[in-house]
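K.L.:
Let me give you the structure first, and then I'll get to my questions.
Computed from the coordinates by the stated procedures, all read-outs in this text should not be read as laboratory data. Just so you know, these numbers come straight off a predicted model, no measurement behind them. Reconstructed Cβ throughout: ideal geometry from the backbone, glycine too, with neighbour counts over all protein chains shown.
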Amino acid sequence: MLRTKIHIALSALGATLGVSAFICFCIVYANIEAGMWALLSGIHAGLTLMLHCHYLKESLHVNFSRKALQYLGDFGMVGFVAGTALTLFYLFLEIYYKADITPIQSSIIIRMIWSFMMLKWGLLLYIFTKKYLRTYNDHQLFTENPNIEET
């Protein structure tokens, strides 16, 4: 229970920072790429937060089917793969050009950091959907759902 609350706090922090960084980098600094990766990172963190909250309230089985959780896991895996590719690409660019962190408008390091955060939250979303899928019991699904009438 405490572990889930810690995961909720960290996911909320990740979602908040991702959306805040999106606003900051896109509007203030005009670094659109870093802002987009921050937004995608925040979306993955927000979805992870949603899963943790439903799991804590024990309403995960009621609100999500197996297929919906599998789709969330697939979305997390896409974020992980894209984040990995982007992080490696920006790492290569950083090593090749030996660019500095300033100016922020064209900083490769900031883009690399937020693509890494997208990698991290995509992986965590995938891991937690797989973890919560293991808690599903087919018999439990049919006995707890009040919308299904017995024949």
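K.L.:
Checking Ile110 against (1) more than 30 Å from Leu133 (Cα to Cα); (2) among the β-branched types (Val, Ile, Thr); (3) surrounded by fewer than 17 Cβ atoms within 10 Å (Cβ to Cβ): exactly one of these is not met. Which one?
P.N.:
(3)
K.L.:
Exactly one of these conditions fails for Ala30: (1) in a helix (DSSP H, G or I); (2) in contact (Cβ under 8 Å) with a residue 60 or more places away in the chain; (3) not polar (S, T, N, Q). Give me its number.
P.N.:
Against the list (1) in a helix (DSSP H, G or I); (2) in contact (Cβ under 8 Å) with a residue 60 or more places away in the chain; (3) not polar (S, T, N, Q), Ala30 comes up short only on (1).
K.L.:
Quick one: how many residues across the stretch 66-125 are within 22 Å of Ala30 (Cβ to Cβ), over 16 Å from the mean Cα position of the chain (by Cα) and either among the hydroxyl-bearing types (Ser, Thr, Tyr) or not in a loop (DSSP other than H, G, I, E, B) (or both)?
P.N.:
Adding up the residues that qualify gives 15.
K.L.:
For the stretch 79-91, what are the residues that are surrounded by 15 or more Cβ atoms within 10 Å (Cβ to Cβ) and in contact (Cβ under 8 Å) with a residue 40 or more places away in the chain?
P.N.:
Of everything in the stretch 79-91, those that are surrounded by 15 or more Cβ atoms within 10 Å (Cβ to Cβ) and in contact (Cβ under 8 Å) with a residue 40 or more places away in the chain turn out to be Gly79, Phe80, Ala82, Gly83, Leu86.
K.L.:
It is to be established whether one or more residues within the stretch 61-72 are crowded, with 21+ Cβ neighbours inside 10 Å and of a type in the set (Ser, Thr, Tyr).
P.N.:
There is no residue in the stretch 61-72 that is crowded, with 21+ Cβ neighbours inside 10 Å and of a type in the set (Ser, Thr, Tyr).
K.L.:
Then there's this: Could you check the stretch 24-39 and list, in sequence order, the residues that are aliphatic (A, V, I, L, M) and buried (at least 23 other Cβ atoms within 10 Å of the Cβ)?
P.N.:
Result: Ala34, Ala38.
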